[in-house]
Amino acid sequence: MTGEKIIYCPYSDAEIPLSATSPEHVIPLSLGGHDDFILPVDATFNAKAGTEIDGKIANDFLMLMKRRDHDARGHSGKPPEPVLKKAKDAATGRPIQVNLGKNLQVWDAKDRKNVPPGGMTFEATFKIELEPPVQFLAKTFLSAGHFVYGDLFRQKVKHQDVRLLMRGPSTLTEAEIGTIQTRMFRDLQGDLEDPVQQQEYDIQRLLCHLVRGSLVVFFPSADNTLCMFCGILGAYMGMLAVPANVSALPIDGGHDLGHAVIVSNGKVLRWSYRRFLTRMVPEIQKLQERTAKEAAAPKGPVKN
């Protein structure tokens, strides 16, 4: 054991021997990640979080639809298949399962066989869990923050807040909640009271939608917080604003306005936030032009 390399794990906030680590994909492969966007972390935690956090996000029904559209596969290499397990034939009420993978399949639960889906209408329900996205956002902040800023992240950012959120808000005591100064913005929270914040929120969502893949963006704020927003396969996951000594963080070169890590078309791109915004201007203009054309297009005849 003498002379073994010691590394810092942002998840456990501890220095551990390299032999106790495993490679962590900051964005899992199943969510559009890449083998060049990894860092070593505590192996025990990595295995647990892979199931309890990453796995829940990857198997969320709406995310499975995104994964299907982007053909985002995990380590198994199997194509993602969104399945509605609690469905029924709207005409007969018979219980069915609907596989919305590459080829639509309908399974009759009573007769235990596939049935032709042509002309069928069905009703279905699925569950949306609110806590795993919070944990995922926090987990990504910790790993990506250390990936981007190294020891400065450990020394200058109040990452203890984020570690509590990664545990899951429902597990926290009132005393622990009282120590958290981090602010969080989620995709499902609706309009914000501050118009400036709303504009920033809308820009972030648009950028995540336009990127053909996944991304993590850090940028320092004037209120001494380090902000991060994350998009997975076109879906905006949210933003964290974490207290930090931002004056100690780099602000030039690859960190002009902030730093973006984009995983798109099988590549990992690391750009300054300014460069990223500049590169996205043509995409935003195309979207605006397309939206304007759709709005100006003649509508069909109005039926009385």
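Read-outs: derived from the displayed coordinates by stated rules, not from any lab. These numbers come from a predicted model, not from an experiment. As a convention, Cβ positions derive from the backbone with ideal geometry for all residues, glycine included, and neighbour counts pool all protein chains shown.
The table for this structure:
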read-out: FRET efficiency for residue 293 and residue 5, using Cβ-Cβ distance with R0 set to 45 Å, rounded to 0.05; value: 0.20
read-out: Lys pairs, segment 131-292 - Cα-Cα below 28 angstrom, 8 or more residues apart or on other chains; value: 4
read-out: Centroid-to-centroid separation of segment 34-108 and segment 194-271 [C-alpha atoms, Å]; value: 26
read-out: Contact order normalised by residue count of segment 123-282, Cα under 8 Å, 6+ apart, percent; value: 21
read-out: Extension gain, residue 198 back to residue 85 (0.36 nm per residue minus Cα-Cα distance, nm); value: 37.0 nm
read-out: Residue-count net charge about residue 122 - beta-carbon cut-off 15 Å; Lys, Arg +1, Asp, Glu -1; value: +2
read-out: Net charge contributed by nearby residues that have their C-beta within less than 14 Å of residue 250 (K/R +1, D/E -1); value: 0
read-out: Packing rank of 169-175, 127-133, 240-246, 13-19, where each peptide gets the mean count of other beta carbons within 10 Å, highest leading; value: 240-246, 127-133, 13-19, 169-175
read-out: Estimated vicinal HN-Hα couplings, Hz - segment 259-271 in sequence order (Karplus 6.51, -1.76, 1.60; Gly, Pro = x); value: 9, 10, 10, 10, 10, 8, 6, x, 10, 10, 10, 10, 10
read-out: The chain, relative contact order [Cα under 8 Å, separation at least 6], %; value: 13
read-out: Cα→Cβ-extended label distance, 7 Å offset, between residue 179 and residue 245, nm; value: 2.0
